[in-house]
1. So which residues in region 1-51 are out of contact with any helix residue (DSSP H, G or I) (no Cβ under 9 Å at 6 or more places or on another chain), part of a helix (DSSP H, G or I) and basic (Lys, Arg)?
2. Within region 1-27, restricting attention to residues that are free of Cβ contacts under 8 Å to residues at least 24 places away in the same chain and surrounded by 13 or more Cβ atoms within 10 Å (Cβ to Cβ), which residue is nearest to Glu41 (Cα to Cα)?
3. Can you confirm whether Gln55 is in contact with an Asp or Glu (Cβ under 7 Å, 6 or more places away or on another chain), at negative phi and open to solvent by less than 50 Å² (accessible area, probe 1.4 Å)?
4. Within 30 Å of Leu228 (Cβ to Cβ) and either open to solvent by 50 Å² or more (accessible area, probe 1.4 Å) or in a helix (DSSP H, G or I) (or both), is that true of Glu88?
5. Looking at (1) touching a Phe, Trp or Tyr at 6+ places or on another chain (Cβ under 7 Å); (2) over 30 Å from Ser192 (Cβ atoms); (3) in contact (Cβ under 8 Å) with a residue 60 or more places away in the chain, can you tell me which one Val149 breaks?
6. Would you be able to tell me the number of residues in region 145-181 that are aromatic (Phe, Trp, Tyr) and either closer than 14 Å to Glu212 by Cβ or touching an Asp or Glu at 6+ places or on another chain (Cβ under 6 Å) (or both)?
7. Hey, can you tell me all the residues within region 194-211 that are exposed (fewer than 14 other Cβ atoms within 10 Å of the Cβ) and modelled with pLDDT of 95 or more?
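The values are calculated or read from the model by the stated rules, or taken from the named source; none is laboratory data. It should be emphasised that the depicted structure is a prediction, and the values quoted were computed from it without experimental measurement. Note that each Cβ is placed from the backbone with ideal geometry, even for glycine, and that neighbours are counted across all protein chains shown. Calculation scope for accessible area: heavy atoms of the full protein, side chains included, ligands and nucleic acids excluded. Shrake-Rupley method; radii C 1.70, N 1.55, O 1.52, S 1.80 Å.
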Amino acid sequence: KDVVTYKLANDLEIFQAARENQVIEKNKKRISQDILLPYAELFIRDMMNISKSYQASFVPINQVYDLKEPKTKDIVIGFPGVPGSFSEQAAKMYFGKETTRTSYDNFDDVFQALENDEIDYGVVPLENSSTGAINDNYDAIRDYGFFIVGEQSLSISQHLLGIKGSCIEDLKEVYSHPQGLLQSSEFLSKHSYIKQKEFVNTATAAKFVSQENNPHLAAIASIDAAHL
C-alpha cells in the first residue's frame, strides 16, 4: 500500500519494468545454487504480480467504459493470414465453424477492420509457450483502445508441407512465419541445408508453395493448410 501511495503521488505507473528487473537481479545474486535461479525468478515475479494486483485496487477509477453487449448472432470474425492458419483454427474453436470469417493479410489489417466496423471480433495470437509474447499485438490492442473479450488456447502442431512428389532430401528452401521457424528450430537444425525464408503467415506460406508447384520448396504450417 505504501508503494502504490508513492506511485500515485508521483504520477507513476504501477508496472515499473526496469525496477522489477533490478529487484529480480538483486535477489538472484543471493541464490547460491544455479539450478534454483529460474525458480527464484518465477517466485519473485509471481509475488510482484500479486502485489501489483493489490496496488491496482487503490487506483481511483476516473474513466467508465460503456461496453456493448456481446454479439452472438450473425457475427463476422476477422483473422490474419489465409484459411488454414492457426488463427482461423482458434476462431473456429471459440466461435464455432458456422460463423462468417474474413481473412486479412496481416495483424494490423485485422485491427483496422475492427476499427472500421467491418468485423465484430478479431482473432490474433498473443503468446506461445516456445517464443513468448507477440508484443506487436499487445501494443496494437493498447493503441487502438480495444479490449480482450475472450481467450482460446490452441495446441500448435507444425507440419512440413511440400507439393506431391517432393521429398526432404531435395528441398532447398522452407517458408514460414518467424514463429513457425522458431518452433521448428530443432528439426531445421538437423536439416541445415534447407534455407529458411520468413513469410508473413504460415498458411500464406503454404499457399505460396502450392502455387509455385516447385519440389524444391516447402512450407511449415498447420495440417489444415496441408489439406487446403
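1. Within region 1-51, Arg19, Lys26 qualify.
2. Ile24
3. No: the conditions fail for Gln55.
4. It is true that Glu88 is within 30 Å of Leu228 (Cβ to Cβ) and either open to solvent by 50 Å² or more (accessible area, probe 1.4 Å) or in a helix (DSSP H, G or I) (or both).
5. Unmet for Val149, out of (1) touching a Phe, Trp or Tyr at 6+ places or on another chain (Cβ under 7 Å); (2) over 30 Å from Ser192 (Cβ atoms); (3) in contact (Cβ under 8 Å) with a residue 60 or more places away in the chain: (1).
6. Residues flagged as aromatic (Phe, Trp, Tyr) and either closer than 14 Å to Glu212 by Cβ or touching an Asp or Glu at 6+ places or on another chain (Cβ under 6 Å) (or both) within region 145-181 amount to 1.
7. Hits for region 194-211 are Lys195, Gln211.
Yes or no, residue by residue, for (1) more than 22 Å from Lys1 (Cβ to Cβ); (2) in contact with an Asp or Glu (Cβ under 9 Å, 6 or more places away or on another chain); (3) at pLDDT 85 or above:
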{"position": "Gln22", "(1), (2), (3)": "no, no, yes"}
{"position": "Lys29", "(1), (2), (3)": "yes, no, yes"}
{"position": "Leu36", "(1), (2), (3)": "yes, no, yes"}
{"position": "Ile50", "(1), (2), (3)": "no, no, yes"}
{"position": "Gln63", "(1), (2), (3)": "yes, no, no"}
